[in-house]
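Asks: Once you've had a glance at the structure underneath, I'll fire off some questions.
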Amino acid sequence: MKIVVLMKQVVNKDAVLRIKADCSWIEESDVALQTSESDGYALEEALRLREAKGQGEVVVCSVGTHAAKSVIKDALARGANRGIHIINNEPHKLSPYQTAKMIAEVIKGENPDLIFTGLQSDDLGYGQTGVILAELLGIPHATIVIEIDRSSLSDTLRVKRELESGWYQWFNYRLPALFTIQSGISQIRYASLKGIMEAKKKEIKEIVMDAPAFSSAQKIQKVYLPVKTKQTQILGNGDAKRGAVELVEKLKNEARVI
């Protein structure tokens, strides 16, 4: 069994963000970077599935700058077998379709049995790349997967999906298939010292790719921080009932929410 896991490098959640002078994106040269959270859970599920099967290969694929190679190295240290690094210097400018198109061209020759992605990235959060990739490859997909029945693995795989309003769905998917994994599905393992040493010997295939020739249907026009303004109003002059009446009037006539 071969499982391809898509992993993305994003800015650390606790980083102090600065906007580039041209307002095209955030300044990433001096901030800490990390693996997108849900992608880490996707890797963990792939590793557990391989362990349950007793054999197989987990291949990590990442699209990004040269710095994104650290995401692949960390995945190899945790137990992935090899990596594929699609080098693109401006990944934030790619639409989900463009990203999926690049990945599809690279991994279709791998003929994977399964493809795991995180539910959505921590930076852009489109939640569309995996879904579009499944369509491009012509395989079924499931989103918001919160449990995988590893005992059911054969030509099909049984997974549990989260639906709306607290509902869930168990469904059998014929392989090959693609699943987008929800954060918190399992406990992520740490890279061991042995794993870190072994990762140095594992293959990372580098492929330099520009954005697909077709233009994106979307474009980031400007990135900016919200302007903070203070417009405090004291209502009722200390009288709670009078303040309540004035608040209702403002919600009705100014904010127009009631």
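Read-outs throughout are calculated quantities, based only on the coordinates presented, and are distinct from any laboratory measurement. Please read these numbers as outputs of a predicted model, since none were measured by experiment. Cβ sites come from the backbone with ideal geometry, for glycine too, and all protein chains shown count toward neighbours.
Asks: In debye, nearest 20, what is the charge dipole magnitude of the range 24-164 about its Cα centre with +1 on Lys and Arg Cβ and -1 on Asp and Glu Cβ, if you could check?
Replies: 480
Asks: Here is a further query. Within the range 27-93, report the GluC sites (Glu not before Pro) that DSSP leaves as loop and that have at most 12 other Cβ atoms within 10 Å. Don't skip to the end; give the middle numbers.
Replies: Working: sites: Glu27, Glu28, Glu37, Glu44, Glu45, Glu51, Glu57; in loops: Glu27, Glu28.
When the GluC sites (Glu not before Pro) of the range 27-93 are filtered for loop state and at most 12 Cβ neighbours within 10 Å, Glu27 remain.
Asks: To continue, here is another question. Summing +1 for each Lys or Arg and -1 for each Asp or Glu, what net charge is found among the other residues whose Cβ lies under 9 Å from the Cβ of Phe171?
Replies: Net local charge, Phe171 excluded: +3.
Asks: Here is a follow-up. Explain nothing, just compute: Karplus ³J(HN,Hα) = 6.51 cos²θ - 1.76 cosθ + 1.60, θ = phi - 60°, for every residue of the range 195-202 in order, whole Hz, x for Gly and Pro.
Replies: Each residue's phi maps through the Karplus curve to give x, 5, 5, 5, 4, 5, 9, 8 Hz.
Asks: Working from Cα positions, state the angle (0 to 90°, nearest 10) between the long axis of helix 37-53 and the longest principal axis of the chain.
Replies: Tilt relative to the chain: about 30 degrees.
Asks: Let me ask something additional. Could you give me the ³J(HN,Hα) list for the range 73-84, computed from phi with Karplus coefficients 6.51, -1.76, 1.60 and θ = phi - 60°, whole Hz, x at Gly and Pro?
Replies: The phi angles translate into 4, 5, 5, 5, 5, 7, x, 5, 7, 7, x, 10 Hz.
Asks: OK, next. For the chain, what is the mean residue ellipticity at 222 nm derived from helices alone (per DSSP H run of n ≥ 4: -39500 (n - 2.57); sum divided by total residues; nearest 500 deg cm²/dmol)? It would help to have the intermediate numbers written out before the result.
Replies: On the way: 6 runs with 69 residues, N = 258.
Here the helix-only value at 222 nm equals -8000 deg cm²/dmol.
Asks: If you take every residue apart from Arg150 with its C-beta less than 13 Å away from the C-beta of Arg150, what net charge results, scoring Lys and Arg +1 and Asp and Glu -1?
Replies: That works out to 0.
Asks: Another question, if that's okay. Quick one: of the DSSP bridges fully inside the range 1-155, what percent are antiparallel, nearest 5?
Replies: Beta bridges within the range 1-155, antiparallel portion: roughly 20 percent.
Asks: Would you report the distance distribution of C-alpha pairs in the range 1-112 as whole percents per 10 angstrom bin, up to the bin with the largest distance?
Replies: Per 10 Å bin, starting at zero, the Cα-Cα P(r) for the range 1-112 comes out as 13, 42, 31, 11, 2, 0 percent.
Asks: Can you give me the long-range amide H partners of Glu147? Hydrogens built in the peptide plane at 1.01 Å from N, cutoff under 5 Å, separation of 5 or more residues or another chain.
Replies: Lys160
Asks: Let me ask something else. Taking the square root of 5 times each eigenvalue of the Cα gyration tensor, what semi-axes in Å does the equivalent ellipsoid of the range 81-124 have, largest first?
Replies: Whole-Å semi-axes of the equivalent ellipsoid: 19, 13, 11.
Asks: Another question about this same structure. Only Cα pairs under 8 Å and at least 6 apart count here; give the relative contact order of the chain as a rounded whole percent.
Replies: On the way: 481 pairs, mean separation 60.3, N = 258.
Relative contact order for the chain comes out at 23 percent.
Asks: What ³J(HN,Hα) values, in whole Hz, does the Karplus curve 6.51 cos²θ - 1.76 cosθ + 1.60 give for the range 161-171 when θ = phi - 60°, with x put for Gly and Pro?
Replies: Taking θ as phi minus 60°, the curve returns 10, 8, 10, 7, 6, x, 8, 10, 9, 9, 8 Hz for the range 161-171.
Asks: Here's another thing I want to ask about it. What ranking of Tyr173, Tyr190, Tyr41 emerges when the number of other C-beta atoms within 10 Å of each C-beta is taken as an exposure proxy, fewest first? Spell out each step's value before the answer.
Replies: Working: Tyr173 19, Tyr190 8, Tyr41 23.
Ordered by Cβ neighbours within 10 Å, fewest first: Tyr190, Tyr173, Tyr41.
Asks: A further question follows. Below 14 angstrom from the Cβ of Leu94, what's the summed charge of the other residues (Lys, Arg +1; Asp, Glu -1)?
Replies: Neighbour charge sum, excluding Leu94 itself: 0.
Asks: A follow-up question, please. If I fit a long axis through the Cα atoms of helix 96-107 and take the longest principal axis of the Cα atoms of the chain, what angle between them do I get, 0 to 90°, rounded to 10?
Replies: Helix 96-107 sits at roughly 10 degrees to that axis.
Asks: Where does each of Glu135, Glu164 land when they are ranked from fewest to most other beta-carbon atoms within 10 angstrom?
Replies: The order, fewest Cβ neighbours first, is Glu164, Glu135.
Asks: Along each principal axis of its Cα atoms, how long is the chain end to end? Whole angstroms, biggest number first, please.
Replies: In descending order, the Cα extents are 73, 45, 42 Å.
Asks: Could I ask something else about it? Please list, ordered by chain and number, the residues whose modelled amide H lies under 5 Å from the amide H of Ser183; skip anything fewer than 5 residues away on the same chain.
Replies: So Ser183 has HN proximity to Leu119.
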